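Some notes on the structure that comes next.
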Amino acid sequence: MPGRQADRWVMEPGSCVTSPPSNLASGTTEASRGQAGRPPPAGRRAGRSAPTGAGEPYLSGVPHHVLLVPGFFGFTGTGDFAYFDHVRDALAEAGPHTGLDGEIRLVRTDPTGSLRRRAARVAEAIGEVLDGPGGEVSLVCHSSGGLDARLALTPKVSLPTEVDVERCARAVRAVLTVATPHQGTPTAHFFNNLLGQQLLRLLSISTMYSLRAGRLPVGAVVRMVRLLRNPDAKPQGVVDQVIADLLADFSVDRRRAIESFFRSVSGDQDLVAQITPASMDVYNASTQDRGSVRYGCVVTRARPPGLASTFKVGFGLYAQATHAVFVALHRIAGRASGDRIAPLTPVEAEVLRRAYLRPVDLAANDGMVPSVSQLWGEVVAAVWADHLDVIGHFDHPTHVPPHFDWLASGTGFTRREFEQLWRTVAIWLARRPDAS
């Protein structure tokens, strides 16, 4: 199965999108990979660079729709929480100028459900487009949502749905994955137990709360830090109490809706176990890229925690408390093993080095997913951003609509960089099918 490719569209820190050095523009790289003779993981497209120009928008004569696929922070079934709102607005603004002339829709997946179940929701969402306005579809997927999309498009895949999966897959033009753990993430090991699932639920509710109120109660953040720093001493009652305290600030109707939603998904908690590095090794051997679809990725990397990040987030109690949560998560995500994650190809290493102005090793991550695990297809962009920054959850409360950041990494991702990134994504999505 084909492997990863490196694209020219690289977002360097604080700069515009730039092209790679001339030696990367030729489209020739080493296709073989591996360490100590280990073959490249199944399913990887042989690494090569993309064409040197973005090209003109490609209009096929039918509407080109975009479906947004959330990851395991995407608790979209609980109401109008702004998981993808900023991304949707950015693509809606850039779309008409690039050739994205269809609708932008949110896929409502099962947040903690198995990859097969989540992939079925993706197929069903595509089917709704085909049965409605019709046309072509591109998938923009955050975090584990990228794995849902890859599985849904695998030829002859069997999914728990009544829709014609093959018909839906044939309508897809491109898949763009953002901060997706294609080779797994160490954080899955941390959350892969009963208390870990409770903590993941707490992090998800915390995201909802911050999107609604702009910030979390300091007391809740402090208790969360203690829970993450002491994995061997996490009384479940403490987690439940923090969750109860957060839910108490919602309206009665919204609180009931959230609680009902979590009860409804409690029977399927398979996702976390399926995105460990070992499980993803099996996943990659079992899935296959569809030849008619262009695959691309956005790679994210947070600034390593230290004095610089501590100064960057500010010295307020709330800022420091939320930064401590990020530091704990960053340390967990930095435990990647070279036995499970394949080494970078020369092209991938050079593209990422140019973007970050330093080598990218196994410890580099966005607070949830190792950066080297996020590569799949063309590298559309590589940005300094944490796992939530990249979809608009960074600190810019004066913008309309406001950006709120409860997981303060100190990476410094800005509104300007956000707009630039998603304009680049829109250009890539609208490119001619034969331009990659």
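Test of understanding: among 317, 329, 357, which residue is in contact (Cβ under 8 Å) with a residue 60 or more places away in the chain, at positive phi and either outside the structural domain of residue 204 (by TED's automatic domain parsing) or touching a helix residue (DSSP H, G or I) at 6+ places or on another chain (Cβ under 9 Å) (or both)? Steps first, answer last, please.
Working: 317 fails: at positive phi; 329 fails: at positive phi.
Selected residue: 357, the only one of 317, 329, 357 that is in contact (Cβ under 8 Å) with a residue 60 or more places away in the chain, at positive phi and either outside the structural domain of residue 204 (by TED's automatic domain parsing) or touching a helix residue (DSSP H, G or I) at 6+ places or on another chain (Cβ under 9 Å) (or both).
Here's the yes/no breakdown for (1) surrounded by fewer than 22 Cβ atoms within 10 Å (Cβ to Cβ); (2) touching a Cys at 6+ places or on another chain (Cβ under 6 Å); (3) part of a helix (DSSP H, G or I); (4) among the β-branched types (Val, Ile, Thr):
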{"residue": "320", "(1), (2), (3), (4)": "yes, no, yes, no"}
{"residue": "330", "(1), (2), (3), (4)": "no, no, yes, no"}
{"residue": "336", "(1), (2), (3), (4)": "no, no, no, no"}
{"residue": "340", "(1), (2), (3), (4)": "yes, no, no, no"}
{"residue": "343", "(1), (2), (3), (4)": "yes, no, no, no"}
{"residue": "351", "(1), (2), (3), (4)": "no, no, yes, yes"}
{"residue": "355", "(1), (2), (3), (4)": "no, no, yes, no"}
{"residue": "361", "(1), (2), (3), (4)": "yes, no, no, no"}
{"residue": "368", "(1), (2), (3), (4)": "no, no, no, no"}
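On the given criteria, is residue 340 basic (Lys, Arg) and at pLDDT 90 or above? It would help to see each step written out before you state the result.
Details: basic (Lys, Arg): yes; at pLDDT 90 or above: no.
In short, no.
Looking only at the stretch 215-225, how many residues end up being free of Cβ contacts under 8 Å to residues at least 40 places away in the same chain, assigned to a helix (DSSP H, G or I) and surrounded by 14 or more Cβ atoms within 10 Å (Cβ to Cβ)? I'd like the intermediate steps shown before the answer.
Taking the stretch 215-225 as the starting set, the residues that turn out to be free of Cβ contacts under 8 Å to residues at least 40 places away in the same chain are 217, 219-220, 223.
Keeping just the survivors that are assigned to a helix (DSSP H, G or I) gives 219-220, 223.
From the residues that got through so far, the ones that are surrounded by 14 or more Cβ atoms within 10 Å (Cβ to Cβ) too are 220, 223.
Qualifying residue count for the region: 2.
Do you know which of the residues in the stretch 226-248 that are modelled with pLDDT under 70 and outside any helix (DSSP H, G or I) is surrounded by the most Cβ atoms within 10 Å (Cβ to Cβ)?
My answer is 234.
Given (1) hydrophobic (A, V, I, L, M, F, W, C); (2) under 19 Å from residue 95 (Cβ atoms); (3) surrounded by 22 or more Cβ atoms within 10 Å (Cβ to Cβ), where does residue 382 come up short, assuming only one miss?
For residue 382, the exception is condition (2).
Among the residues of the stretch 183-198, what is the count of those that are touching a Lys or Arg at 6+ places or on another chain (Cβ under 8 Å) and buried (at least 22 other Cβ atoms within 10 Å of the Cβ)?
The number of residues fulfilling the criteria is 3.
Could you please tell me which pairs satisfy a Cβ distance under 8 Å, a separation of 6+ or placement on different chains, a first residue in the stretch 268-284 that is at negative phi and part of a loop (DSSP other than H, G, I, E, B), and a second residue that is of a type in the set (Val, Ile, Thr) and crowded, with 19+ Cβ neighbours inside 10 Å?
As it stands, the answer is 268/112; 269/112; 270/112; 275/185; 276/185, since those pairs meet every condition given.
Within the stretch 139-173, can you find the residues that are surrounded by 24 or more Cβ atoms within 10 Å (Cβ to Cβ), under 24 Å from residue 425 (Cα atoms) and not charged (D, E, K, R)?
Going residue by residue through the stretch 139-173, those that are surrounded by 24 or more Cβ atoms within 10 Å (Cβ to Cβ) are 139-150, 152-153, 165.
Those left that are additionally under 24 Å from residue 425 (Cα atoms): 139-150, 152-153.
Hits for the stretch 139-173 are 139, 140, 141, 142, 143, 144, 145, 146, 147, 149, 152, 153.
Checking the conditions here, which among 251, 206 is among the small types (Gly, Ala, Ser), under 24 Å from the mean Cα position of the chain (by Cα) and modelled with pLDDT of 70 or more? Outline the logic, then answer.
Values: 251 fails: under 24 Å from the mean Cα position of the chain (by Cα).
206 is the lone residue from the list that is among the small types (Gly, Ala, Ser), under 24 Å from the mean Cα position of the chain (by Cα) and modelled with pLDDT of 70 or more.
Taking the stretch 412-430, which residues are out of contact with any Pro (no Cβ under 9 Å at 6 or more places or on another chain), buried (at least 24 other Cβ atoms within 10 Å of the Cβ) and assigned to a loop (DSSP other than H, G, I, E, B)?
Result: 413, single match.
The values are calculated or read from the model by the stated rules, or taken from the named source; none is laboratory data. None of the values given here were measured: they were computed from a predicted structure. Methodologically, a virtual Cβ is constructed for each residue, glycine included, from the backbone with ideal geometry; neighbour enumeration extends over all protein chains shown.
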